[in-house]
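Worksheet: the structure to be examined is printed underneath.
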Amino acid sequence: GVVQEDDLVIPQRIKFREVMKNPEVLLASFIVILSGVSSQWYQPILEPFLSTNYSITAFQASMFLVIDGAVYAVVAPLWGYLLDKTLNSRMVLMFGCATISGSFLLLGPIYFPYKETLAQVGISLGIHGIGMAANFIGTLAILTKEIEKENLNNKENACAIATSLWITAECVGSFLGSTLGGLTYETWGWDMSCLIISLVQLAGLLILLFVGLCQRLEVGKQSGERKPLLDKQTSHYGSNNNIRTI
């Protein structure tokens, strides 16, 4: 909406409370938080885990921490390009959650062929970077689209609100991830810690599938409503049941 003062058109201020009433905005924000949790989950624990189990230096172990970020930097523009074309944002988020969940399974409880190697750790972190890019870019696209859709006359403010909301959700997720990641590692060990965050991402995927299914059923229900059998009133005259339109 806009406010007109004489010849000057002033866009109305976008209210954060109104933005958060949009279900798509809430869902995207939730996925950003989950992605932020996963991105920081192993940051405080990967270096001590690798140094202890593989007899490598702290510097060598720390180099593994840049793998997911490097892959993210390469893949993120590709996701943005595909989303600008015809790729569905919801499908991108589903792929991202599934990829992140699988990467943590490879990082912890699942070993090939029989025990985890440094190569498997590196591959797992690379896969995580792909999923992280899908979720981060996909959620930003959804937030920007949904907020701008309701504020066509104030796109700059809508874009600013979308970006600030995305950053806030990512920071919340990062805080929770680094805290809970270290806590679960100290309490239950590496494998169980990775399994927990894998299940969390799987829960995000299931929520996306459930919401998508509910929306499809609602659309099908609305489109399946029957129209009146006769659009015009009809009456029957005579013994031969001739139908005449009134």
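The values are calculated or read from the model by the stated rules, or taken from the named source; none is laboratory data. Here the structure is a predicted model, which is why all the values come from computation and not from measurement. Using ideal geometry, Cβ is built from the backbone for each residue, glycine included, and neighbour counts are taken over all protein chains shown. Please note that ligands, DNA and RNA were not included when accessible areas were found on the heavy atoms of the full protein model with its side chains. Shrake-Rupley method; radii C 1.70, N 1.55, O 1.52, S 1.80 Å.
Considering every residue within region 22-36, establish whether at least one is open to solvent by less than 90 Å² (accessible area, probe 1.4 Å), modelled with pLDDT under 95 and part of a strand (DSSP E or B).
no
If you take the residues of region 69-123 that are charged (D, E, K, R) and assigned to a helix (DSSP H, G or I), which of them is surrounded by the most Cβ atoms within 10 Å (Cβ to Cβ)?
Taking region 69-123 first, the residues charged (D, E, K, R) are 84-85, 90, 115-116.
If we keep only those that are assigned to a helix (DSSP H, G or I) as well, we get 84, 90.
Values: D84: 9, R90: 19.
Checked region 69-123; the qualifying residue surrounded by the most Cβ atoms within 10 Å (Cβ to Cβ) is R90.
Consider C171 against the criteria (1) open to solvent by 60 Å² or more (accessible area, probe 1.4 Å); (2) part of a loop (DSSP other than H, G, I, E, B): it satisfies all of them except one. Which criterion is unmet?
The single condition C171 does not satisfy is (2).
Out of everything in region 1-21 that is aliphatic (A, V, I, L, M), surrounded by 10 or more Cβ atoms within 10 Å (Cβ to Cβ) and not in a loop (DSSP other than H, G, I, E, B), what residue ends up being modelled with the highest pLDDT?
Just the residues of region 1-21 that are aliphatic (A, V, I, L, M), to begin with: 2-3, 8-10, 14, 19-20.
Now drop any that are not surrounded by 10 or more Cβ atoms within 10 Å (Cβ to Cβ), which leaves 2-3, 9-10, 14, 19-20.
Now narrow it down to the ones that are not in a loop (DSSP other than H, G, I, E, B): 2-3, 9-10, 19.
On the way: V2: 48, V3: 49, V9: 56, I10: 61, V19: 83.
Filtering first and then ranking leaves V19.
Select from region 110-166 the residues that are without any contact (Cβ under 8 Å) to a residue 12 or more places away in the chain and among the aliphatic types (A, V, I, L, M) and list them in ascending order.
If the condition is that a residue be without any contact (Cβ under 8 Å) to a residue 12 or more places away in the chain and among the aliphatic types (A, V, I, L, M), then I110, A119, L152, A160 are the ones that fit.
Return a yes/no flag: does region 49-71 have any residue that is farther than 22 Å from G182 by Cα and modelled with pLDDT of 90 or more. Explain how you work it out, then say what you get.
So the first thing to find is which residues in region 49-71 are farther than 22 Å from G182 by Cα, and the list is 70-71.
From the residues that got through so far, the ones that are modelled with pLDDT of 90 or more too are 70-71.
Yes, region 49-71 contains at least one residue that is farther than 22 Å from G182 by Cα and modelled with pLDDT of 90 or more.
Say we look at region 174-196 and pick out the residues that are surrounded by 14 or more Cβ atoms within 10 Å (Cβ to Cβ) and hydroxyl-bearing (S, T, Y); which of these is nearest to L106 (Cα to Cα)?
Among them, the one singled out is S193.
Among residues belonging to region 42-54 that are open to solvent by 10 Å² or more (accessible area, probe 1.4 Å) and under 30 Å from L165 (Cα atoms), point out the one that is nearest to the chain's Cα centre (by Cα).
Restricting attention to region 42-54, the residues satisfying the condition of being open to solvent by 10 Å² or more (accessible area, probe 1.4 Å) are 43-44, 47-49, 51-54.
From what is left, the residues that are under 30 Å from L165 (Cα atoms) are 43-44.
On the way: Q43: 21, P44: 24 Å.
Among them, the one singled out is Q43.
Is it true that some residue in region 56-72 is over 14 Å from I127 (Cα atoms) and of a type in the set (D, E)?
Filtering region 56-72 for residues over 14 Å from I127 (Cα atoms) gives 56-63.
Then keep just the ones that are of a type in the set (D, E); that gives none.
No - not one qualifying residue is present in region 56-72.
Which members of region 141-167 meet the condition of being part of a helix (DSSP H, G or I) and open to solvent by 60 Å² or more (accessible area, probe 1.4 Å)? Walk me through it before giving the result.
Pass one, region 141-167, residues part of a helix (DSSP H, G or I): 141-149, 155-167.
Correct list: K145, K149, K155, E156, I167.
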